[in-house]
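To start, the structure under review is shown below, and the notes come after it.
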Amino acid sequence: MLVSSALAGCGAPAQRRPPELGLAASLLPNLGLAGSLSLPLRTANPWRFEARFTDQFLDDKSFADDGNPAAGNWTQLDLGLLRLSCWEESRAWSVRFGLVGFEARGEPNLVDEAGDYVGIYGGLGRFWRFGRGFAFGPEITLVAATGPDPFTLFPQLTWGLRWTP
């Protein structure tokens, strides 16, 4: 029901929709920031093309020494589709999926080998509106990729802002 609600049309009249910008804290495998831009596909279509760049530059070793070597930076690019469901009482669900590429450096977390990876992702989130054009909330995304490791599967969590000018 949750996904069908996110995929259903809102019934609002067609109007020109502006791009949306996003900035979020990003967790797993390291900690960093994710910035995104989403553009409407067509006026009457609720789906958007989304590009999201993530740079995770802090490792858990930055906060506590657990005896493991520090992981290197993690950079990632997601290209795919994003859909926010109809806003009900200033809340909406998000669904996103597409292609992902990332580079894990140093002694990476969640993958065994450093290097370049490619794969797919799918995610679900919940946003709350506040102020003029702002929304805030978390998203959980599952990434499946291949690279120096033949197959890797891991979650990522983002929590941040979306802004529609």
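For the reader, a short list of remarks on this structure follows.
- Checking (1) 1, 8, 14, 18, 18, 16, 13, 7, 3, 1, 0, 0; (2) 1, 8, 14, 16, 17, 12, 8, 5, 4, 4, 3, 3, 2, 1, 1, 0, 0; (3) 2, 9, 17, 21, 18, 13, 9, 7, 4, 1, 0, 0 against P(r) over Cα pairs in 5 Å bins from 0, in percent calculated from these atoms, the matching label is (3).
- Using 0.36 nm per residue and subtracting the Cα-Cα separation, the extra length available between Phe136 and Arg42 on full extension is 31.4 nm.
- Sum of -39500 (n - 2.57) over DSSP H runs of 4+, divided by residues of the chain (222 nm, nearest 500): -1000 deg cm²/dmol
- Where labels lie 7 Å past Cα in the beta-carbon direction, separation of Ala25 and Glu107 in nm: 2.6
- Subtracting the Cα-Cα distance of Glu89 and Phe154 from their residue separation scaled by 0.36 nm leaves 20.2 nm.
- Electrostatic tally near Leu77: other residues with Cβ closer than 13 Å to its Cβ, Lys and Arg +1, Asp and Glu -1, net -4.
Coordinate-derived values only; no laboratory data. Small disclaimer: the values here were computed from a predicted structure and weren't measured. Backbone-built Cβ (ideal geometry, glycine too); neighbour counts: all protein chains shown.
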